[in-house]
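The values are calculated or read from the model by the stated rules, or taken from the named source; none is laboratory data. Everything quoted here is computed from the prediction, not taken from an experiment. Every residue, glycine as well, gets a Cβ built from its backbone with ideal geometry; the counts of neighbours run over all protein chains shown.
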Amino acid sequence: MKTLGEFIVEKQAEYPGATGELSGILSSIRLSAKIIHRDINRAGLTQDILGVSGDENIQGETQMKLDVFANETMKKALIARGEVAGFASEEDDTFVAFDTERGRNAKYVLLTDPLDGSSNIDVNVSVGTIFSIYKRISPVGTPVTLEDFLQPGRKQVAAGYVTYGSSTMLVYTTGNGVNGFTYDPSLGLFILSHPNMSMPKDGKYYSINEGQYVTFPMGVKKFIKYCQEDDLATKRPYSSRYIGSLVSDFHRNLLKGGIYIYPTSTVYPKGKLRLLYEGNPMAFLAEQAGGMATDGVNSVLDIIPTELHQRIPFFVGSTNMVEKAKAFLLEET
Ligand code: AHG
Ligand code: MN
Ligand code: MN
Ligand code: MN
């Protein structure tokens, strides 16, 4: 039985020059995950967690109390350890530079979707937390700048998510495979339960909000029809599964094989999901597990970001399914 703490120390030892900063950040995330897990688990018993906060975030989304709480939890846990130089979040208007002696001298920045799947909070359906870590570009010793956050996903040094599902799991990569840890609340420990996770090349699930069908581009409509056709060789029709939490839909497809799609639509002409907080970290995990992520055609990790809250169309999952969707999109352009 190996704990996440032991695993982090073991991995750090494999890099003789490592300063322990990345390990410290991962420990902050582990602590945040435990706090968010605790509060989600008793959400129905208190007025503090369920419901709307009364505010909107800068992207015009209604903020739930848990969105705000998870965001503050992450920020506080990171500030307390002083291992990151800056923080950017779906819930904040702009990035935060941790402008203290330690913050200015830290090497990394962290980006997060602190609470993914907001619409599921009040109805006891699983939600998640997503994080993405980069080495800063600006000189150590100065406050971080916007360019530190606008790096292509290929530059990520670590990324992962926590899924607060039937059990709570933390899944992450540092660019050397993907490992999953299940939380044992009685011990307060994450235990390595899913070493070297690998996404099947083919899958049997497709995950997309089909209620929005009429708003989708023709290539996506045709791909959906393809998923529904009868074909023995490719084991179609595939099953439709859509939780409405990217983290949970991705997690299922990672384990079982499948594709998650949030395309452009007449409602969301640029797509809905955020490149920096959702697209890049999930794309990094997908590729590290042998899967694939595109904006329909191009690799998500190669996109050069231009703004913090940038949205993208997102296709992620089993390689052969993502390739198939791409072929349908290309046919229509
Ligand atoms: P968030 O709760 O962080 O804003 O993200 C919600 C995202 C994603 O998790 C989910 O798959 C998708 O939005 C659901 O959107 P629809 O309700 O439009 O299907
Ligand atoms: Mn949101
Ligand atoms: Mn999200
Ligand atoms: Mn969110």
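Miscellaneous remarks
- Residue count for region 65-92, restricted to those that are within 16 Å of ligand 3 (Cβ to nearest atom), aliphatic (A, V, I, L, M), buried (at least 23 other Cβ atoms within 10 Å of the Cβ) and without any contact (Cβ under 8 Å) to a residue 60 or more places away in the chain: 2.
- Val171 closer than 24 Å to Ile36 by Cβ, at pLDDT 95 or above and buried (at least 20 other Cβ atoms within 10 Å of the Cβ): yes
- Which listed residue is surrounded by fewer than 20 Cβ atoms within 10 Å (Cβ to Cβ), charged (D, E, K, R), modelled with pLDDT of 95 or more and touching a Gly at 6+ places or on another chain (Cβ under 8 Å), from Glu323, Glu331, Glu229: Glu331
- If only residues of region 240-293 that are within 13 Å of the chain's Cα centre (by Cα) and of a type in the set (Phe, Trp, Tyr) are counted, the one that is farthest from ligand 4 (Cβ to nearest atom) is Phe284.
- Residue within region 57-80 that is touching a Ser or Thr at 6+ places or on another chain (Cβ under 7 Å) and charged (D, E, K, R) present: yes
- Comparison of Tyr238, Tyr277 shows that the only residue that is surrounded by 20 or more Cβ atoms within 10 Å (Cβ to Cβ) and free of Cβ contacts under 8 Å to residues at least 60 places away in the same chain is Tyr238.
- All positions within region 52-78 that are of a type in the set (Val, Ile, Thr), touching a strand residue (DSSP E or B) at 6+ places or on another chain (Cβ under 8 Å) and outside any strand (DSSP E or B): Val68, Thr73
- One residue from Asp39, Asp55, Asp67 being among the acidic types (Asp, Glu) and within 12 Å of ligand 4 (Cβ to nearest atom): Asp67
- Here Ile49 clears all of (1) within 20 Å of the chain's Cα centre (by Cα); (2) surrounded by 17 or more Cβ atoms within 10 Å (Cβ to Cβ); (3) assigned to a loop (DSSP other than H, G, I, E, B); (4) not acidic (Asp, Glu) except the condition numbered (1).
- In summary, Pro313 fulfils each of the numbered conditions (1) under 19 Å from Ile224 (Cβ atoms); (2) surrounded by fewer than 20 Cβ atoms within 10 Å (Cβ to Cβ) with the single exception of condition (2).
- Verdict on Ala327 being outside any loop (DSSP other than H, G, I, E, B) and without any contact (Cβ under 8 Å) to a residue 24 or more places away in the chain: yes
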